[in-house]
Structures are given as C-alpha cells and as structure tokens.
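Read through the structure below, which is laid out as structure tokens, and then see the notes.
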Amino acid sequence: MQDLRKSLRPGRILIPVVFGLGVASWMLYSNFDPEAFSFLRWSWTAAFWIGVSLLMMGLRDLAYTIRIMILTDGELSWKQAFQVIMLWEFSSAVSPSVVGGTGPAIFFLYKEGLNSGKSTAVVLTAIFLDEVFFILMAPLVFLLFGSNVFPPIGLPFAEGVRTALFLGYGLIFIYTLILFYTLFFNPHFFKRLLSFVFLIPFLRRFRMRARKLANQLIVTSQQIRDKSWKYWLYSGIATFLSWTGRYWVVNFIFMAFFFSHLGFADHLLIYARQLTMWIVLLISPTPGGSGVAEFIFTDFLGDIIPNLAWSVPLALIWRLISYYPYLFIGAVILPGWIKKVYRKKPVYKIVE
C-alpha cells in the first residue's frame, strides 16, 4: 500500500504537467510566430463547440463507467465504477504510457470488493478490448484513407513518427495475439513462456512476479471463457464509444475556431489521424504521453489546420480538455477513496 501511495501521490501530477507545458513552450519559442494565437477569437459559436468537446469527454467517461459495470457483472455501483475509472485514468496519467495503470487498476477493483482473480480478469479484459479496437480500426482507416492516415511527408519528424507508428502497431498486434491465445485457448502457454524468458540471468529477480502474473492470467481465462455474446457485444460497443468520444474532442475544438474550413471528409480524416496518433502515444515513455502528445500533434494534424502556427496552442487546448483534468480529479478523489476503503469498522463492547 505504501508503494501505491508513493507512485500515485498527488504531487506526481507536476511531472506530466512540466513535460507537456515544457515541450509546448519550447515549440512555441523555437518556431515563434506572432500568428500563433490569432485563431483565439471567442464567440458564442466557439463556446458552444468547446462545450460539445467537453461533452465528448463526458461520453468517454460514461462509456468506460458502463463498460466496467458490464465487466464486473454489475457488482459495482455507479459511484464505485466512476471512482475506479477516475483513479485508473489518474494512475495512467502519472505513469509512462507504455506501462499504463494496470497494477493500480487491479488494486482499485480489489479494494472495492472484487476478489483478486476477478479484479485481474476485469482489467485484462478491458485492456484486451482496447487493444482489439486499435487492431481492427487501424487497418480499416488505412483502407479508407490510404497513406493519408500518416503524417504528411515534409512536416517536422514525420518519418520518425511513421516509424514509431509501425513499431507501435506491431507491438500492440503481437501483444494482443498472445493475450487472445492465452485467454481463450491455452492459458498455460503464457506461464511456460514467461518461465523460459525469466530464466535469463538479468531477469531472474523478476521471475516470481512473472509467475504470479501468469497465474493471474490462468484465473482470468477461467473467468471469461463462458461469457455470453451479449457481454462481449455490450462491452465492445462501450469500448468503441469511449474511444470515439475521446477522438471527437479534437474535431469539435477545430469546429470552434475554424468551422468553415472543415468538410465531412476532413472530420473523418481527423478521426483516422487520431487513431494512428494514439498508437504512437501508447508506447510513449513519458507519463500519460505528456510532451510526446503535444509534439506529434503538429505532425498528425498540422496539414488540416489552416495555419500551421496554430497547432501548438490547439494542442494545448486539446490536452487541457482531454488529459489534464484527470490529473486533478484523481488527485482529489484518491485521498478520500483511500480513507474509505481502509476505514476501520468500530469495535463495540458487549455490556452484560
């Protein structure tokens, strides 16, 4: 528990904030253009579309809350499910994207009353659904848009971002394939694989943790094999809505400031570009992709923005809506949640 408090202490929100704002400030300074903030002309139209972008984050959180209620077979109340999602998002936001908030998420569910086997099953199933979304949607948008889903050649670091994209998709595909085979066909395969890999001398000290993970996967496999098609359909729809809500945030931010420049095809392309952009962010070594997200925003969406100088301020608005709130919401919820789940029951003396 002390390790969890240390890794998720509210003070850690400063790290991703410094990363994100530091990179954005450096980009503004190194490519200074007096036109960078010229798009910020506030109006009721802009306020409306910014409000819609906030509603998209609400849709995302609602879909995630419903999904975790489905995955837990209704064992969590709406309040419990919402708190778990917010704490999960907080742990992901203060951890490197490539690591994520898997461990804390299992702990949050366990402390809400689920047994350790089911907690692990729920988290791994949620991760599996997210990865399947990327595995299926990335080829689909490529079929629709071809090479347009990649950052245009000529923009800064576009080639490097493309390489990271292919690397990220390859890693996600391999990981999902192994997870699928393990969960649905042969859970003992992963245990044998880990036992072999962690015989390597410099990995031996992690062997017990690896075996524990393998045992959790076996339990998870037993938990989810007999689920009905409705379970997978409803949780799949919730997964699609959660990611779509997140992606539409950028669409509506763009609508707020240059509505007349965007057609229907542009909105579809913005959605497609964000999907590929998130594949890169999923392998980011920084907390919640901070710094990296602001940096690659220009590469992926710069050619859609009427003035390339606007891209960094727009990236900051995007992150202010879609990322930074989870840092502060989690920091507010976490202390009270810890007190709640560790509250000792009063001991009453029996008076004869």
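Every read-out reported here was derived from the displayed coordinates using simple, explicitly stated rules and does not represent laboratory data. Worth saying up front: this structure is predicted, and the values here are computed from it rather than measured. Cβ: placed from backbone, ideal geometry, glycine included. Neighbour counts: every protein chain shown.
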message = Please list, by residue number, every one of the chymotrypsin sites (Phe, Trp or Tyr not before Pro) in the range 253-352 that is coil in DSSP and has at most 11 other beta-carbon atoms within 10 Å.
response = TYR342, TYR348
ask   = Short version: ³J(HN,Hα) in whole Hz for each residue of the range 276-293, in order, from phi by Karplus 6.51 cos²θ - 1.76 cosθ + 1.60 (θ = phi - 60°), x for Gly and Pro, what are they?
value = 5, 5, 5, 5, 5, 5, 5, 10, 5, x, 9, x, x, x, 4, x, 5, 4
ask   = Over the range 42-339, what is the mean sequence separation of C-alpha contacts under 8 Å (at least six apart), divided by residue count, expressed as relative contact order in percent?
value = 34
inquiry  = Can you work out the Karplus-derived ³J(HN,Hα) for every residue in the range 81-87? Use 6.51 cos²θ - 1.76 cosθ + 1.60 with θ = phi - 60°, whole Hz, and x for glycine or proline.
reply    = 4, 5, 5, 4, 5, 5, 5
ask   = Can you list the HN-Hα couplings for the range 302-309, worked out from phi with the Karplus curve (6.51, -1.76, 1.60; θ = phi - 60°), rounded to whole Hz and with x for Gly and Pro?
value = x, 6, 8, 6, x, 10, 4, 5
ask   = Rounded to the nearest 0.05, what FRET efficiency do SER260 and VAL332 have when you use their Cβ-Cβ distance and R0 = 22 Å?
value = 0.05
